[in-house]
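Notes follow once the structure below has been shown.
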Amino acid sequence: MPHHLSVRIDPNSGFCFGVIYAIQMAEDILDEQGYLYCLGDIVHNDEEVQRLEQRGLRIIDYDTFEQLRDEKVLIRAHGEPPSTYQTALQNDLTLIDASCPVVLKLQNRIKTSYDKKERIFIYGKHGHAEVRGLLGQTSGNAVVFESLDELLSHELPANITLYSQTTKSTDSFYRIKGELEHRGYAVNPNDTICRQVSNRDKDLRKFAAQYDQIVFVSGTKSSNGKVLYQVCKDTNPNTHFISKVEELRADVFQPGQSVGICGATSTPMWLMEDVRDALLAL
């Protein structure tokens with residue numbers, strides 16, 4: 001009797017629609033003109049970035065962006081601050097804007113709050129691409145915080161307008177809101193968390209519980225990947241984090257075991273399929 005592994009990919013894992021849209025746009029232009037500049041990593045996944053670079057994508061930083069003239073530049077799903085659009089105007093750059101609609105809506109809401117002179121606090125990761133774009137809506141005047149402790153280390157006004165990076169956990173957001181109210185602050189909460197991302201939490205728990213072993217595939221730079229890996233690991237201690245097929249260790253799998261493969265919102269399906277094929281070949 002063959003003792004092969006039975007392997008299944010989580011159908012809810014892989015790119016969120018914002019990333020699918022950005023990559024589709026990039027590929028269309030690469031087919032047309034053979035190369036395309038992209039401001040920052042198009043997605044926090046080195047394997048996918050390499051695949052697109054081989055097709056002609058050129059990842060640039062802000063310094064290079066400011067030197068460019070008369071070129072097309074892709075804005076990735078994370079969005080950008082207003083200063084990026086100003087630079088593009090001054091330098092005759094055509095922006096191919098693949099900002100995620102969920103992020104754009106959030107940027108607009110923050111801008112409106114800021115114009116009303118509200119005191120804005122953003123639950124998010126310092127220096128994250130999306131957060132830079134959000135902060136830019138307030139001319140850098142909003143306060144970004146990563147945890148309740150960090151938030152409480154600031155001198156807080158009586159009225160707090162609370163926002164969140166789109167990929168944060170809804171549970172944490174509402175815990176922070178509850179704790180502030182408990183301490184007597186008036187909170188105006190704006191739950192701007194993307195449900196396609198936050199619902200993965202629950203879906204993944206269900207998925208991870210069904211298998212002997214879980215292989216979680218994600219780039220090391222993905223914040224969403226770190227969070228979702230932890231969700232899997234908490235549910236199923238036999239969870240292994242890899243960012244490429246070469247990192248699979250055959251010795252951790254026993255004959256006949258069931259293995260579930262899942263990943264972050266920035267993990268391409270082709271990569272999870274490669275991992276599946278490698279496992280089936282063991």
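The values are calculated or read from the model by the stated rules, or taken from the named source; none is laboratory data. The shown structure was predicted, so the numbers you read here are calculated from the model rather than taken from an experiment. Heads up, the Cβs are rebuilt from the backbone with ideal geometry, glycines too, and the neighbour counts pull from every protein chain shown. We work out accessible area using only protein heavy atoms, side chains counted, and drop any ligands, DNA or RNA first. Shrake-Rupley method; radii C 1.70, N 1.55, O 1.52, S 1.80 Å.
Here are some notes:
- Burial ranking of peptide ranges 208-221, 136-149 (average Cβ count within 10 Å, highest at the top): 208-221, 136-149
- Cα-centre dipole for the chain with unit charges at Cβ (Lys and Arg positive, Asp and Glu negative), debye to 20: 960
- Assigned charges on the beta-carbon of Lys, Arg, Asp, Glu; region 186-282 dipole about Cα centre (debye): 300
- Residue among S266, T166, L156 farthest towards the positive dipole end of region 148-272, charges placed on Cβ: S266
- Taking the chain and dividing mean pair separation by its residue count, relative contact order in percent (alpha carbons under 8 Å, at least six apart): 24
- Rg [Å, one decimal], Dmax [Å, integer] - region 45-199, C-alpha atoms: 17.4, 55
- Convex hull per residue volume in Å³, alpha carbons only, for region 159-258: 107
- Remark: relative contact order (region 189-282) = 34 percent; criterion is Cα-Cα distance under 8 angstrom and separation of 6 or more residues.
- Protection-proxy order for peptides 76-85, 269-278, each taking the mean of Cβ atoms within 10 Å per residue, highest first: 76-85, 269-278
- Relative contact order (%) - criterion: Cα under 8 Å, at least six apart; region: region 15-98: 32
- For region 68-123, a simple Cβ point-charge model (Lys and Arg +1, Asp and Glu -1, everything else neutral) yields a dipole of about 380 debye relative to the Cα centre.
- Counting only alpha carbon atoms, the long axis of helix 170-182 and the longest principal axis of the chain meet at about 40°.
- Rg over Rh for region 100-173 works out to 0.93, both radii taken from alpha-carbon positions and Rh defined as the Kirkwood radius.
- Other residues with beta-carbon under 13 Å from the beta-carbon of K177 carry, at +1 per Lys or Arg and -1 per Asp or Glu, a net charge of -1.
- A protection proxy built from the mean count of other Cβ atoms within 10 Å ranks the segments 261-268, 164-171, most packed first, as 261-268, 164-171.
- Per-pair calculated FRET efficiency, R0 = 30 Å: L156 and Q50 via Cβ, rounded to 0.05: 0.10
- Residue (of Q213, A26, I193) at the positive-pole extreme of the chain, dipole from beta-carbon charges: I193
- For the chain, convex hull of alpha carbons as volume per residue, Å³: 134
- Positive-end extreme of charge dipole, region 1-159 - chosen from S147, I75, S13 (charges on Cβ): S147
- Each 5 Å bin from 0 upward holds the following percent of the Cα-Cα pairs of region 1-132: 2, 9, 17, 19, 18, 13, 8, 5, 4, 2, 2, 1, 1, 0, 0.
- Solvent-accessible surface of the chain, averaged per residue with a 1.4 angstrom probe and all protein chains in place: 48 square angstrom.
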